[in-house]
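For reference, the structure is listed below as structure tokens.
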Amino acid sequence: MNVIETEKEIAGKIAADFIKSDMIVGLGTGSTVTYAIKEIGERVKKGLKIKAVSTSKSTSIMAQKLNIPLISIDQVDSIDLTIDGADEIDPNFNGIKGGGGALLVEKIIASISKENIWVINSNKLVNKLGKFPLPIEVVPFAITTVMKRLEKKNFKPKVRKLNDMYFITDNNNYIIDLYLGSIKDPKCLEIELNMIPGIIDNGLFLNIVDTVVVGKNNEYEILENKFKAKFF
Ligand code: 5RP
């Protein structure tokens, strides 16, 4: 296993320690959170009682295989704790998510979670967001008009493809990735993007995370976001 994978595994496994019996747990999407889900599966086998809400079809399939009880978002008012991955995190606990294309559901789940934990490998900690392409989810009907507007703004947009076809999200939308290089003002950019009709949401997750578990070689570090506003 290479260093990145080792760091992902450590972060994922440690995050499972935050789960207590009888919790409603949000399960994120991506390779790092996969390690957390495997660990949760082991604990469920040993008697841990939880109910989980999934952020994607791929995560649901994995949870079902591991006999982790799944419930729909419609069955809950809130989620106790969500464990998810991220693509970049800056020192203000702002992040980019959506590399796996599940940003919309991930943001909805995060917004009703009392606590959000992200699991990452160490090279995802950055000083400034934007080196990782920023994903935005777009209604298929609007893909051309949105592309034109983003090109005009010089946001260097590219429609995401998979096997030469447009990538389709779990919600039957398209993803446009913005190759920004660096994001000066994430809050301003979020507002600007959300004002373009046809864009459903973007991968900027600003001050949403409470705790970050960072894998660092064979160890880990836990970063607490002391400035996070609590809504629950
Ligand atoms: C999916 C995500 C993922 O959490 C993010 O892309 C990190 O993935 P990985 O752990 O595979 O690096 O936001 O939409």
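Of the numbered conditions (1) loosely packed, with under 13 Cβ neighbours inside 10 Å; (2) within 12 Å of the chain's Cα centre (by Cα); (3) not hydroxyl-bearing (Ser, Thr, Tyr), residue 151 fails exactly one; give the number of that condition.
Failed condition: (2).
Could you tell me whether region 101-120 includes any residue that is open to solvent by less than 40 Å² (accessible area, probe 1.4 Å), within 15 Å of the ligand (Cβ to nearest atom), hydroxyl-bearing (Ser, Thr, Tyr) and not assigned by TED's automatic domain parsing to the domain that holds residue 191?
Yes, region 101-120 contains at least one residue that is open to solvent by less than 40 Å² (accessible area, probe 1.4 Å), within 15 Å of the ligand (Cβ to nearest atom), hydroxyl-bearing (Ser, Thr, Tyr) and not assigned by TED's automatic domain parsing to the domain that holds residue 191.
Is there a residue being among the polar types (S, T, N, Q) and open to solvent by 40 Å² or more (accessible area, probe 1.4 Å) anywhere in region 33-55?
No: zero hits.
Quick one: is residue 191 under 30 Å from residue 19 (Cβ atoms) and either in a loop (DSSP other than H, G, I, E, B) or open to solvent by 30 Å² or more (accessible area, probe 1.4 Å) (or both)?
In short, no.
Which ones in region 154-183 are of a type in the set (A, V, I, L, M), under 22 Å from the mean Cα position of the chain (by Cα) and surrounded by fewer than 19 Cβ atoms within 10 Å (Cβ to Cβ)?
Scanning region 154-183 gives 159, 162, 168.
Mind listing whichever residues of region 126-143 are crowded, with 17+ Cβ neighbours inside 10 Å and either among the charged types (D, E, K, R) or touching a residue at least 60 places away in the same chain (Cβ under 8 Å) (or both)?
Within region 126-143, 129, 134, 135, 136, 137, 138 qualify.
The values are calculated or read from the model by the stated rules, or taken from the named source; none is laboratory data. Just so we're clear, the structure is a prediction, and the values are computed from it rather than from any experiment. Ideal geometry is used to build each Cβ from the backbone, glycine not excepted, and the neighbour counts take in all protein chains shown. Accessible surface areas use protein heavy atoms only, side chains included; no ligands, DNA or RNA. Shrake-Rupley method; radii C 1.70, N 1.55, O 1.52, S 1.80 Å.
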